[in-house]
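Structure, as structure tokens:
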Amino acid sequence: MSKQEIGNTVLRVTLGLIFLIHGIVKFQGGIENTVGWFDMIGLPGFLAYIVAVIELVGGLALIFGIGTRITAGLIAVIMVGAIFTAKMQAGFLGDGTGAGYELDLALLAMAVYLVLAGTSKLSLDHKIANTQNT
């Protein structure tokens, strides 16, 4: 097992945990609150459901390494959306009343890396592909 494979796995699982927890919080806190916030910032409220499901299911998928490229691509789209609709006006480090987009940019970079790197050997994708090839 190479250091790159281990690093890829650590990055994938970490990103997965972050988004799994964000998805759980959106549903536990009442998805209606997130819908209202989306409406308040000018986004259609139904997008809150889509984002929350992608975060929850996508987080689990990343942890186990299922559909890594697709899931990471969806997360990258969410991060671009978050940066430009909710965080950009606060600046890179925030404006004293809210967070900036530095964390979102880091999460975007992690997701883009996973889109480009693809599946690691420590993933279900890899196990399934090897089973089908034998």
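Since every read-out is calculated from the coordinates, none of them should be taken as a lab result. Note that the structure is a prediction, hence the values are computed from the model and not measured. Cβ sites come from the backbone with ideal geometry, for glycine too, and all protein chains shown count toward neighbours.
Return 12, 69 ranked ascending by Cβ neighbour count within 10 Å, so the fewest neighbours appear first. If you can, show how the numbers build up before the last one.
Values: 12 27, 69 14.
Arranged by neighbour count, lowest to highest, 12, 69 become 69, 12.
Using C-alpha positions alone, give me the convex hull volume of segment 35-87 per residue in cubic angstrom. Working shown, then result.
Numbers: hull volume 3.5 nm³, N = 53.
Value for segment 35-87: 66 Å³ per residue.
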For the chain, the longest principal axis of the Cα atoms and the Cα long axis of helix 68-82 enclose an angle in degrees, to the nearest 10, of 20 degrees
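If you keep only loop residues by DSSP, which chymotrypsin sites (Phe, Trp or Tyr not before Pro) in segment 84-134 have at most 12 other Cβ atoms within 10 Å of their Cβ? Don't skip to the end; give the middle numbers.
Numbers: sites: 84, 92, 101, 113; in loops: 92, 101.
Answer in residue order: 92.
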Anyone know which of 106, 76, 61 comes out most mobile in the 10 Å Cα GNM of the chain?
-> 106
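Only helical DSSP H runs with n ≥ 4 go in: add -39500 (n - 2.57) per run for the chain, normalise by residue count and round the 222 nm mean residue ellipticity to 500 deg cm²/dmol. Don't skip to the end; give the middle numbers.
On the way: 6 runs with 96 residues, N = 134.
One gets -24000 deg cm²/dmol as the mean residue ellipticity at 222 nm.
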Go ahead and set up a Gaussian network model of the chain, Cα springs under 10 Å, then flag whichever of 15, 122, 60 fluctuates most.
-> 122
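Could you tell me what % of all Cα pairs in segment 3-127 have separations over 25 Å?
Numbers: 1929 of 7750 pairs.
Taking all Cα-Cα pairs of segment 3-127, the fraction more than 25 Å apart is 25 percent.
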Most exposed to least, judged by fewest other Cβ atoms within 10 Å, 128, 18 sort to 128, 18
With Cα springs under 10 Å, the Gaussian network model of the chain assigns the largest mean-square fluctuation among 65, 30, 73 to 30
Output the Kirkwood hydrodynamic radius of segment 80-130, Cα pairs only, in Å rounded to one decimal.
-> 12.7 Å
Cut-off under 5 Å, modelled amide H: who pairs with residue 67 long-range = 125
First measure r as the distance between the Cβ atoms of residue 31 and residue 85, then evaluate 1/(1 + (r/R0)^6) with R0 = 25 Å and state the FRET efficiency to the nearest 0.05.
-> 0.90
